[in-house]
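Heads up, the thing below is written out as structure tokens.
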Amino acid sequence: MSFEFLGPELLTDLVVDLRLTARKEADPLKGHSPMYEYGITLHGSKARIGGINLRVGTDPSFLTSGHIGYGIDEPYRGHHYASRACLLIGNVALLHGLTPLFITCAPENIASRRTCERIGGKLLGTYDVPVDHEMYRRGRRRVCRYEWRPGSPPRLGR
Ligand SMILES: CC(C)(COP(=O)(O)OP(=O)(O)OC[C@H]1O[C@@H](n2cnc3c(N)ncnc32)[C@H](O)[C@@H]1OP(=O)(O)O)[C@@H](O)C(=O)NCCC(=O)NCCS
């Protein structure tokens, strides 16, 4: 059965907008799950300030790669926009019944770790990257793994 993409073209919290830029079908030969890619803009603007993607799948490789990847362009960092983008894209995950999600990052990536913590992610631990994982081939040896249930109260006050 083919995968049905359910995520909307536009998500907003009135501070940032997520605009759908790609919906990628699964590629079983490469072990790739269906993926959404959204560009992040400031609300009402068309100028991209970053991007976020969501991979919809449940196989064990997500324990290492995580379901969500994000980046904010340097000039726009420092406003917790990545946390906002995660909270928005979490709604897409929920449309697919995908919860909990895993988000992983390099242990030394404090900004990403804080992002996970702010949205209410729970640190499960720091783990070795399996030698047969594509992230190992790209040089990553350890990842912090956060478990996140979209819709759970974020810790935005901290
Ligand atoms: C991770 C990233 C998306 C966060 O961008 P952002 O939303 O602008 O995040 P902010 O700069 O607002 O920082 C979030 C938190 O991290 C803290 N932080 C940021 N840089 C930091 C640093 N170098 N050292 C310590 N803390 C830092 C901020 O103080 C803030 O903390 P707070 O929640 O206590 O206020 C951005 O840094 C980035 O694009 N990095 C490169 C790509 C990347 O690493 N993506 C994640 C892959 S898993």
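The values are calculated or read from the model by the stated rules, or taken from the named source; none is laboratory data. A quick note: this is a predicted structure, and the numbers were derived from the prediction, not measured. All Cβ positions, even for glycine, are placed from backbone atoms using ideal geometry, and neighbour counts span all protein chains on display. Keep in mind that these areas ignore ligands, DNA and RNA; they rest on the heavy atoms of the full protein, side chains included. Shrake-Rupley method; radii C 1.70, N 1.55, O 1.52, S 1.80 Å.
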Review point. Aspartates and glutamates near Lys122 by alpha-carbon distance under 14 Å, same-chain residues fewer than 8 away left out - which ones?
Key: Glu147
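Could you size up the charge dipole of the chain around its Cα centre, putting +1 on the beta carbon of Lys and Arg and -1 on that of Asp and Glu, and report it in debye to the nearest 20?
That gives a dipole near 480 debye.
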Review point. Among residues other than His80 whose Cβ falls under 9 Å from its Cβ, what is the net charge (Lys/Arg +1, Asp/Glu -1)?
Key: +3
Revision key, fill the gap. Ranking Asn53, Gly69, Gly139 by how far each Cα lies towards the positive end of the charge dipole of the stretch 10-148 (+1 on Lys and Arg Cβ, -1 on Asp and Glu Cβ), the top one is Gly139
Check your understanding: Ignoring ligands and nucleic acids, what accessible area does Phe102 show with a 1.4 Å probe (Å², nearest 10)?
Key -> 40
Exercise for review: Determine the share of the chain's accessible area contributed by carbon and sulfur atoms, expressed in whole percent, with a 1.4 angstrom probe.
Suggested key: 53
Check your understanding: How much accessible area per residue does the chain have, in Å², with a 1.4 Å probe?
Key -> 55
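If you scale each eigenvalue of the Cα gyration tensor by 5 and take the root, what three semi-axes come out for the chain, rounded to whole angstrom and sorted largest first?
Working: eigenvalues 104, 78, 44 Å².
So the equivalent ellipsoid measures 23, 20, 15 Å along its semi-axes.
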Exercise for review: Express the relative contact order of the stretch 1-126 as a whole percentage, based on alpha carbon pairs under 8 Å and six or more residues apart in sequence.
Suggested key: 20
Revision key, fill the gap. Once all protein chains are kept in place, Glu134 shows an accessible area at probe 1.4 Å, nearest 10 Å², of 90
Revision key, fill the gap. Scoring only Lys, Arg, Asp and Glu (+1, +1, -1, -1) among other residues with Cβ under 12 Å from the Cβ of Cys116 yields +4
Check your understanding: What is the Cα centroid distance between the stretch 1-73 and the stretch 83-112, reported in whole angstrom?
Key -> 10
**Study point:** Net dipole in debye of the stretch 111-158 [+1 Lys, Arg Cβ; -1 Asp, Glu Cβ; about Cα centre; nearest 20]
**Key:** 240
Review point. Given the rule -39500 (n - 2.57) for each run of at least 4 DSSP H residues, summed and divided by the residues of the chain, what is its mean residue ellipticity at 222 nm, to the nearest 500 deg cm²/dmol?
Key: -5500 deg cm²/dmol
